[in-house]
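Chemist: I'd like to ask some things about the structure below.
The values are calculated or read from the model by the stated rules, or taken from the named source; none is laboratory data. Quantities reported herein were computed from a predicted structural model and do not represent experimental measurements. Note that each Cβ is placed from the backbone with ideal geometry, even for glycine, and that neighbours are counted across all protein chains shown.
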Amino acid sequence: METKGVKAIIFDLDNTLIDTSGAGVVALQKVGELLKSSLSLDDASIETICNRFKQKLYNEVFNPAMGKNIDQVRSLHWEESIQETVGSCPNESLGSDCYKLWKSTRLQLLTMSPEVQALLKDLRTKYKLLLLTNGETQTQREKVEVSNCEEFFDEVVVGGEQVEQKPSVSIFRLCLEMLGVEAHDCIIVGDSLDTDIQGGLKAHLKATVWIKRAEANESNVIKPHYTVANVLELPQVLAHLN
Ligand SMILES: [Mg+2]
């Protein structure tokens, strides 16, 4: 009777199963140290460079047809952030050195905690599990690989490999098809109201479970069925649903 209500669970990856934001903070600190030693900059300039990089990352629209891969695009973000702050990028390879350090630091920290791994293992005995992550293919596939996520899921879907990403209904339809379940058999768990929750609502899933991070604001428009502080609270939600 355990699975009477829910047959499948779709999970978001970033900031739901792994602490991508926390890893990003540490990665920026590391790059800050590199900039300090290589350019002898003061803390305020380093902060400006890091903030500019974050902004470029946030506004990034990746198009492989432009002839650059994601590594080149992001190395250029660093180079431009340095240039815009100090007037020039004194060392040709500094942008790519910053990027390599930022990327490797971030990836090293993107692991699922033993508690999250145990939760997924347990859920897999009762439910079909699908990982649905938005973003550029190479970046997301690298995260999936380093966090050893794949073995915990029946299916992995990367938004950048599909026609449309979350919150589009089409990608949710694809997930349901892959899982072999109907919308009313499936729930989604994620930290983003705009993509995970809105998408789950538009696709008429049985329930949407919002992982509300400390700094997140509730929305008057997008109302999740359940709100929890941590993915580890999911068993209580499932007990309520089933
Ligand atoms: Mg997320």
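Chemist: Of the numbered conditions (1) more than 16 Å from the ligand (Cβ to nearest atom); (2) closer than 30 Å to Gln117 by Cα; (3) at pLDDT 95 or above; (4) polar (S, T, N, Q), Ser81 satisfies every one except a single condition; which is it?
Modeler: (2)
Chemist: In the range 162-174, what residues are more than 16 Å from the ligand (Cβ to nearest atom) and either of a type in the set (A, V, I, L, M, F, W, C) or under 15 Å from the mean Cα position of the chain (by Cα) (or both)?
Modeler: Val163, Val169, Leu174
Chemist: Against the definition (among the basic types (Lys, Arg), in the same structural domain as Phe53 (by TED's automatic domain parsing), closer than 20 Å to Arg74 by Cα and under 16 Å from the mean Cα position of the chain (by Cα)), how does Lys143 come out, yes or no?
Modeler: Considered against the rule, which asks whether it is among the basic types (Lys, Arg), in the same structural domain as Phe53 (by TED's automatic domain parsing), closer than 20 Å to Arg74 by Cα and under 16 Å from the mean Cα position of the chain (by Cα), Lys143 comes out as no.
Chemist: While we're here: Given the conditions (1) of a type outside the set (Asp, Glu); (2) in a loop (DSSP other than H, G, I, E, B); (3) closer than 30 Å to Pro114 by Cβ, report the number of the one that Val61 does not fulfil.
Modeler: (3)
Chemist: Would it be correct to say that Phe53 is outside the structural domain of Ile171 (by TED's automatic domain parsing), in a loop (DSSP other than H, G, I, E, B) and among the hydrophobic types (A, V, I, L, M, F, W, C)?
Modeler: In short, no.
Chemist: Please count how many residues of the range 36-50 are within 18 Å of Lys103 (Cβ to Cβ) and at pLDDT 95 or above.
Modeler: Summing the residues that are within 18 Å of Lys103 (Cβ to Cβ) and at pLDDT 95 or above in the range 36-50 gives 2.
Chemist: Okay, next question. From the set of residues in the range 85-104 that are farther than 28 Å from Val146 by Cβ and either outside any helix (DSSP H, G or I) or among the hydroxyl-bearing types (Ser, Thr, Tyr) (or both), which is nearest to the chain's Cα centre (by Cα)?
Modeler: Among those residues, the one meeting the criterion is Thr85.
Chemist: I've got another one for you. Which condition number in (1) modelled with pLDDT under 95; (2) in the same structural domain as Ile188 (by TED's automatic domain parsing) is the one that Gln117 fails?
Modeler: (1)
Chemist: Would you confirm whether or not the range 13-27 contains a residue that is touching an Asp or Glu at 6+ places or on another chain (Cβ under 8 Å), more than 16 Å from the ligand (Cβ to nearest atom) and not in a loop (DSSP other than H, G, I, E, B)?
Modeler: Scanning the range 13-27, I find no residue that is touching an Asp or Glu at 6+ places or on another chain (Cβ under 8 Å), more than 16 Å from the ligand (Cβ to nearest atom) and not in a loop (DSSP other than H, G, I, E, B), so the answer is no.
Chemist: In the range 175-217, how many residues are surrounded by fewer than 18 Cβ atoms within 10 Å (Cβ to Cβ) and away from the ligand (no atom under 14 Å from the Cβ)?
Modeler: Residues that pass the stated criteria total 10.
Chemist: Continuing with the same structure: Among (1) out of contact with any helix residue (DSSP H, G or I) (no Cβ under 8 Å at 6 or more places or on another chain); (2) among the aliphatic types (A, V, I, L, M); (3) at pLDDT 95 or above, there is one condition Ala214 misses while meeting the rest; what is its number?
Modeler: Among (1) out of contact with any helix residue (DSSP H, G or I) (no Cβ under 8 Å at 6 or more places or on another chain); (2) among the aliphatic types (A, V, I, L, M); (3) at pLDDT 95 or above, the lone unmet condition for Ala214 is (3).
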